[in-house]
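The values are calculated or read from the model by the stated rules, or taken from the named source; none is laboratory data. Small disclaimer: the values here were computed from a predicted structure and weren't measured. Don't worry about glycine lacking a Cβ; one is built from the backbone with ideal geometry, like all the others, and counts go over all protein chains shown.
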2 protein chains.
Amino acid sequence: MQAEIVTIGTELLLGEIVDTNSAWIAERLMTIGLNLFYATTVGDNLERITQVLRTALERSQVVITTGGLGPTVDDMTREAVAAASERELYLDEGLLGEIACFFSRHGRGMTDNNRRQALMPRGATVIHNPVGTAPCFAVEHDGRLLISLPGVPHEMKHLMTTEVLPLLQRRFGLQSVIRSRRLHTAGLGESAADARIGDLMEAGNPTVGTRAHPGEVDIVITAKADSDAAAEALIAPVASELRRRLGHYVFGSDGEGHGEVVLRLMSERGLSLATVESSPQGDLARMLYQAASFREVYRCGMIYSDRCPEPLGLPLQTPDRPPLADQALADALAERCRQQADTDMALAIVGPSDLGKSPGPLVYYALATPTGLLHREPRPGRGGPSGRGWLVHLGLELLRRHLLGLPEEG
Amino acid sequence: MQAEIVTIGTELLLGEIVDTNSAWIAERLMTIGLNLFYATTVGDNLERITQVLRTALERSQVVITTGGLGPTVDDMTREAVAAASERELYLDEGLLGEIACFFSRHGRGMTDNNRRQALMPRGATVIHNPVGTAPCFAVEHDGRLLISLPGVPHEMKHLMTTEVLPLLQRRFGLQSVIRSRRLHTAGLGESAADARIGDLMEAGNPTVGTRAHPGEVDIVITAKADSDAAAEALIAPVASELRRRLGHYVFGSDGEGHGEVVLRLMSERGLSLATVESSPQGDLARMLYQAASFREVYRCGMIYSDRCPEPLGLPLQTPDRPPLADQALADALAERCRQQADTDMALAIVGPSDLGKSPGPLVYYALATPTGLLHREPRPGRGGPSGRGWLVHLGLELLRRHLLGLPEEG
């Protein structure tokens with residue numbers, strides 16, 4: 001079984017938009033055991049779209065198009081699908097009625113262009129679109145199935161999930177499901193992870209692989225089975241074994257971020273948190289602030305530049321030393337931040353505002369708690385998004401280890 | 001002249017990576033007057049890559065591939081290009097020497113796999129890659145030009161800029177250049193911009209168009225001419241006319257962000273800034289912090305959650321009112337922030353920590369200056385990246401207008 005995606009829209013070929021739909025669809029097709037073999041982007045040109053669709057229908061059992069279903073004359077997917085599958089377009093009166101309803105419900109007038117959206121290739125199955133005005137459809141052609149979806153990501157995602165994946169499973173009798181679990185680790189490099197779990201990465205089903213991100217390594221377990229339950233039964237023992245070997249390096253699973261995990265642990269303990277940072281340039285506050293369920297816990301974040309003479313009222317420089325960070329400053333900032341924000345704990349990540357590409361100046365960590373100050377070894381920091389990601393993960397690790405009663409460094 | 005891109009790599013078809021290279025290449029091809037007609041992604045499969053390249057060489061004068069040039073057996077671009085252009089591969093001894101040098105310079109051993117990278121399609125022109133180990137090449141085939149580049153974005157970008165664009169211009173005698181200028185505006189919606197400059201958007205060369213972003217609208221002027229100077233001569237009068245009509249809504253041009261503009265204005269006046277925010281969730285501090293040239297100006301950013309009882313020591317709630325924001329709080333926070341950070345000015349953007357999708361609760365603005373407090377009308381805020389973008393732009397506009405001596409609202 002071979003699937004392909006055809007993305008339609010000149011704006012993509014002008015470089016104005018990056019296509020994120022294809023990667024999303026690819027991931028979802030995998031979960032029902034469909035392999036994506038090609039993804040093609042083509043502009044709003046009837047002849048070229050038709051040609052691309054003909055090629056796709058020759059080589060793939062499943063063809064999914066996105067885009068080109070809007071009301072303007074540039075929207076040519078309907079015409080191209082009709083041409084490539086050798087049928088004519090007709091005006092679907094039922095669909096026209098629905099579109100008219102949509103406009104009257106929203107108090108807007110319908111234009112002639114909107115009538116174009118009720119055109120359907122003869123014999124197509126209409127896929128109703130409750131989240132937008134572009135009607136979608138599926139066409140059978142020589143045993144192949146061509147499905148046309150809107151390019152607007154939230155409409156496409158809704159229709160893929162509720163309509164298209166079940167349709168594909170029914171139509172092609174896809175019995176097997178593919179399920180993945182991700183374990184998120186921090187503090188371990190990819191090669192250190194490999195040394196601990198390399199042998200498990202040689203198995204066939206489930207497979208185990210690693211994916212490195214800024215500051216963390218994900219371990220991905222993927223199983224293929226006849227049902228969700230069977231896939232879960234394959235995954236569970238491997239996940240346990242991985243957790244056993246990786247221990248407290250695993251901070252969460254399946255998308256729960258490091259910040260969320262730490263705030264959840266604090267919430268369970270009824271604790272509140274504030275932060276102060278220089279080198280992470282606001283990434284620490286941002287990560288914690290994004291965990292919107294834990295506003296009660298995370299109360300305040302302070303970002304300062306090392307040109308600020310007295311962040312939180314503490315002098316960064318004295319007459320006999322240049323502006324600089326050290327453990328004493330990190331400690332003092334964490335303590336002052338905890339007092340000012342009136343929280344149970346405060347985390348400080350302190351170093352130069354701007355770090356270079358290679359690990360250079362030291363970055364210092366301090367955690368102020370009701371019972372005193374905790375540190376972790378300062379480490380040379382690196383700038384850029386990925387370097388800042390490391391700084392943030394190391395700081396959160398200090399906090400997580402303290403909350404779990406683990407030793408300070410792994 | 002028709003160009004297409006072939007992106008090679010199974011990881012893209014698994015949805016693990018979003019392809020950002022194609023949009024970048026598309027934009028650059030436009031600057032030399034080359035139109036991109038297709039972009040195809042194909043996995044690491046020799047037969048399928050070869051087939052895609054054959055199709056591409058049949059219909060396009062220029063074919064650019066990215067990816068599949070690494071040392072592993074999964075890297076099959078060299079083989080596929082040789083097959084599609086009907087030539088054999090040979091081991092280029094000169095190239096092999098360079099690769100060996102690279103490894104010895106970096107103190108690493110060369111494996112047999114690395115030798116694969118010295119394989120070249122017979123007759124190909126080697127494109128030297130000073131920023132990585134994957135050698136690149138160009139092949140002429142039936143009057144078409146096929147160019148293979150690495151998939152690593154920074155290597156691809158370097159080679160496109162320094163080697164590929166000049167090569168394409170020479171090879172196809174591309175005389176014309178396409179140049180764009182962007183004017184960035186804030187405070188005007190897209191339709192309000194349209195009302196002021198709509199007539200200029202009907203011209204042919206240069207064209208004028210608008211692009212809406214969170215909180216700002218860009219006006220893009222694009223000219224096609226025989227030289228940079230001629231393109232500039234077409235753009236300059238249109239840019240002046242646009243600036244005349246849009247007045248102080250234009251805050252910058254060609255990528256200078258709103259934050260950078262404001263900090264530059266402050267730097268020119270020898271002023272320093274601190275900020276305090278709740279609703280923008282750290283986006284204000286982040287935008288200002290990213291303008292790394294102005295650390296001297298932007299010294300401190302404070303982010304607080306509305307569950308923080310006393311940000312900067314100011315109580316958010318009293319016994320007879322729920323946690324809330326009002327103009328008095330925004331003023332007090334701006335003033336306190338200015339004192340604590342010891343800066344010339346402080347900007348406060350204050351409202352609920354979490355805003356919904358539709359404009360709801362009011363967000364308040366205050367600017368503390370040496371001569372007193374300034375406000376702008378509070379406005380209902382909206383959550384999400386684009387809603388937060390608006391909040392930040394409105395706050396920066398208050399500051400920019402004050403610095404330029406403009407009236408408080410436009």
I'd like the full set of residues that are within 24 Å of the chain's Cα centre (by Cα), without any contact (Cβ under 8 Å) to a residue 60 or more places away in the chain and facing chain A (nearest Cβ under 8 Å), limited to the stretch B:274-296. B:Gly282, B:Ala285, B:Arg286, B:Tyr289, B:Gln290, B:Ala292, B:Arg295
Among the numbered criteria (1) over 18 Å from B:Ala334 (Cβ atoms); (2) at pLDDT below 90, which one does B:Leu404 miss? (2)
Quick one: how many residues across the stretch B:42-57 are within 10 Å of chain A (Cβ to nearest Cβ) and assigned to a helix (DSSP H, G or I)? 4
Just one of (1) of a type outside the set (Phe, Trp, Tyr); (2) within 14 Å of chain B (Cβ to nearest Cβ); (3) within 17 Å of A:Leu119 (Cβ to Cβ) trips up A:Glu86, so point out which. (2)
Do any residues in the stretch A:19-40 that are at the interface with another protein chain (Cβ under 7 Å from one of its Cβ atoms) have Cβ atoms under 9 Å from those of residues that are aromatic (Phe, Trp, Tyr), where the two are at least six apart or on different chains, and which pairs are they? A:Thr40/B:Tyr38
State all residues of the stretch A:147-159 that are surrounded by fewer than 21 Cβ atoms within 10 Å (Cβ to Cβ) and either of a type in the set (A, V, I, L, M, F, W, C) or more than 13 Å from A:Val131 (Cα to Cα) (or both); if no residue qualifies, say none. A:Val152
Are any of the residues in the stretch A:77-100 in the same structural domain as A:Ser22 (by TED's automatic domain parsing), touching a Ser or Thr at 6+ places or on another chain (Cβ under 8 Å) and either aromatic (Phe, Trp, Tyr) or not in a helix (DSSP H, G or I) (or both)? no
Of the conditions (1) within 14 Å of another protein chain (Cβ to nearest Cβ); (2) farther than 27 Å from B:Arg307 by Cβ; (3) touching a residue at least 24 places away in the same chain (Cβ under 8 Å), A:Gln327 fails just one. Which one is it? (1)
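So that you can scan it fast, the table gives a plain yes or no per residue for (1) closer than 23 Å to B:Gly313 by Cα; (2) acidic (Asp, Glu); (3) crowded, with 20+ Cβ neighbours inside 10 Å:
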{"position": "A:Glu241", "(1), (2), (3)": "no, yes, no"}
{"position": "A:Arg245", "(1), (2), (3)": "no, no, no"}
{"position": "A:Glu268", "(1), (2), (3)": "no, yes, no"}
{"position": "A:Ser278", "(1), (2), (3)": "yes, no, yes"}
{"position": "A:Ala285", "(1), (2), (3)": "yes, no, yes"}
{"position": "A:Tyr289", "(1), (2), (3)": "yes, no, yes"}
{"position": "A:Ser293", "(1), (2), (3)": "no, no, no"}
{"position": "A:Arg299", "(1), (2), (3)": "yes, no, yes"}
{"position": "A:Ser305", "(1), (2), (3)": "yes, no, yes"}
Across the stretch A:195-211, what is the total count of residues that are within 16 Å of B:Glu16 (Cα to Cα) and buried (at least 16 other Cβ atoms within 10 Å of the Cβ)? 3
Residue pairs within 7 Å by beta carbon, gap of at least six or interchain, first lying in the stretch A:370-390 and within 21 Å of A:Ser358 (Cβ to Cβ), second of a type in the set (Val, Ile, Thr), listed first then second, are A:Pro378/A:Val363; A:Arg379/A:Val363; A:Gly381/A:Val363
Can you find, within the stretch A:177-194, the residue that is surrounded by the fewest Cβ atoms within 10 Å (Cβ to Cβ) among those that are among the aliphatic types (A, V, I, L, M) and at pLDDT below 85? A:Ala192
Regarding A:Pro311, is this residue at pLDDT below 85 and facing chain B (nearest Cβ under 8 Å)? yes
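Just checking: which of the strands (runs of 3 or more DSSP E) contained wholly in the stretch A:342-385 hold 2 or more residues that are surrounded by fewer than 17 Cβ atoms within 10 Å (Cβ to Cβ) and either among the acidic types (Asp, Glu) or more than 14 Å from chain B (Cβ to nearest Cβ) (or both)?
Passing ranges, in order: A:372-380.
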In the stretch A:1-41, residue surrounded by the most Cβ atoms within 10 Å (Cβ to Cβ) [restricted to those that are over 23 Å from the mean Cα position of the chain (by Cα) and assigned to a helix (DSSP H, G or I)]: A:Leu13
For the stretch B:232-247, indicate whether the set of residues that are in contact with a helix residue (DSSP H, G or I) (Cβ under 8 Å, 6 or more places away or on another chain), assigned to a helix (DSSP H, G or I) and under 28 Å from B:Gly351 (Cβ atoms) is non-empty. no
Checked B:Leu271, B:Leu263 against criteria (outside the structural domain of B:Val208 (by TED's automatic domain parsing), more than 25 Å from B:Thr207 (Cβ to Cβ) and within 23 Å of the chain's Cα centre (by Cα)); the one match is B:Leu263
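Please verify whether B:Pro214 is at pLDDT below 95, closer than 30 Å to B:Glu93 by Cα and either out of contact with any strand residue (DSSP E or B) (no Cβ under 8 Å at 6 or more places or on another chain) or surrounded by fewer than 18 Cβ atoms within 10 Å (Cβ to Cβ) (or both), treating the condition exactly as stated. Show your work before the answer.
Working: at pLDDT below 95: yes; closer than 30 Å to B:Glu93 by Cα: no; either out of contact with any strand residue (DSSP E or B) (no Cβ under 8 Å at 6 or more places or on another chain) or surrounded by fewer than 18 Cβ atoms within 10 Å (Cβ to Cβ) (or both): yes.
Spelling it out, it is not the case that B:Pro214 is at pLDDT below 95, closer than 30 Å to B:Glu93 by Cα and either out of contact with any strand residue (DSSP E or B) (no Cβ under 8 Å at 6 or more places or on another chain) or surrounded by fewer than 18 Cβ atoms within 10 Å (Cβ to Cβ) (or both).
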